[in-house]
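The values are calculated or read from the model by the stated rules, or taken from the named source; none is laboratory data. Treat the numbers as computed from the prediction; the structure is a model and nothing was measured. Backbone-built Cβ (ideal geometry, glycine too); neighbour counts: all protein chains shown.
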Amino acid sequence: MGRLFIESLPGPRIFKCSCCKVDSASPDDIVSKNFQGRFGKAYLFRSVVNICLGPTEERHLTSGLHAVSDIYCSSCLQILGWKYEKAYEESEKYKEGMYILEKYRMLKDGW
Ligand SMILES: [Zn+2]
């Protein structure tokens, strides 16, 4: 058991966990800002860092049935959003492997 490994993202503009302020995602990896999370506005990212995944479950979202895993900050374990593991609708397939981060759970550091 060592120290928790925290990955740092490059660049002046980073989204950070609102609770413990470790890096969560880069605005360069935003695919869409037009998503709805559980707590309001949410962004779709192609990659995020410093997260752990919860168990995969099937969930009915506004865009239909998806298999998703909740994602947690790997440092403080706050829930941040979810990952799309599988989409069943052809039009939603592009989301597979992408991540939703709730805007409310992120801090914009330095911008
Ligand atoms: Zn955190």
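For the range 63-90, how many residues are part of a loop (DSSP other than H, G, I, E, B) and aliphatic (A, V, I, L, M)?
1
Here is a check on your reading of the model: is SER18 within 16 Å of the ligand (Cβ to nearest atom), polar (S, T, N, Q) and in contact with a helix residue (DSSP H, G or I) (Cβ under 7 Å, 6 or more places away or on another chain)?
So SER18 passes the test.
Look at the range 39-52 and say how many of its residues are surrounded by 13 or more Cβ atoms within 10 Å (Cβ to Cβ) and under 17 Å from TYR104 (Cβ atoms).
The qualifying residues number 6.
From the list GLY97, GLY110, which one is on the phi > 0 side of the Ramachandran plot and under 15 Å from the mean Cα position of the chain (by Cα)?
Among GLY97, GLY110, only GLY97 is on the phi > 0 side of the Ramachandran plot and under 15 Å from the mean Cα position of the chain (by Cα).
Could you grab me the full set of residues in the range 9-62 that are in contact (Cβ under 8 Å) with a residue 40 or more places away in the chain, more than 12 Å from the chain's Cα centre (by Cα) and closer than 15 Å to TYR99 by Cα?
ARG38, LYS41
Would you mind stating whether ASP23 is modelled with pLDDT of 95 or more, more than 16 Å from the ligand (Cβ to nearest atom) and in contact with a Ser or Thr (Cβ under 8 Å, 6 or more places away or on another chain)?
no
Counting just the residues of the range 38-62 that are in a loop (DSSP other than H, G, I, E, B) and either over 23 Å from PRO27 (Cβ atoms) or not small (Gly, Ala, Ser) (or both), which one comes out nearest to the ligand (Cβ to nearest atom)? If you could, list the steps in order and put the result at the bottom.
Going residue by residue through the range 38-62, those that are in a loop (DSSP other than H, G, I, E, B) are 38-39, 46-50, 62.
Among the residues that remain, those that are also either over 23 Å from PRO27 (Cβ atoms) or not small (Gly, Ala, Ser) (or both) are: 38-39, 46, 48-50, 62.
Values: ARG38: 17, PHE39: 16, ARG46: 21, VAL48: 12, VAL49: 12, ASN50: 8, THR62: 27 Å.
Top of the filtered list is ASN50.
Which pairs have Cβ atoms under 9 Å, sit 6 or more apart or on different chains, and link a residue in the range 78-93 that is over 24 Å from MET106 (Cβ atoms) to one that is assigned to a helix (DSSP H, G or I) and away from the ligand (no atom under 16 Å from the Cβ)?
Close Cβ pairs satisfying both conditions: LYS86/LYS93.
Which count do you get for residues in the range 66-87 that are away from the ligand (no atom under 16 Å from the Cβ) and over 20 Å from LYS41 (Cα atoms)?
The number of residues fulfilling the criteria is 4.
Condition test on ARG13, is it in contact with a Pro (Cβ under 8 Å, 6 or more places away or on another chain) and away from the ligand (no atom under 16 Å from the Cβ)?
On the way: in contact with a Pro (Cβ under 8 Å, 6 or more places away or on another chain): yes; away from the ligand (no atom under 16 Å from the Cβ): yes.
Judged against the criteria, ARG13 is a match.
Could we say that ASP70 is closer than 21 Å to TRP111 by Cβ, surrounded by 14 or more Cβ atoms within 10 Å (Cβ to Cβ) and among the charged types (D, E, K, R) here?
Numbers: closer than 21 Å to TRP111 by Cβ: no; surrounded by 14 or more Cβ atoms within 10 Å (Cβ to Cβ): yes; among the charged types (D, E, K, R): yes.
No; evaluated as a whole, the condition is false for this residue.
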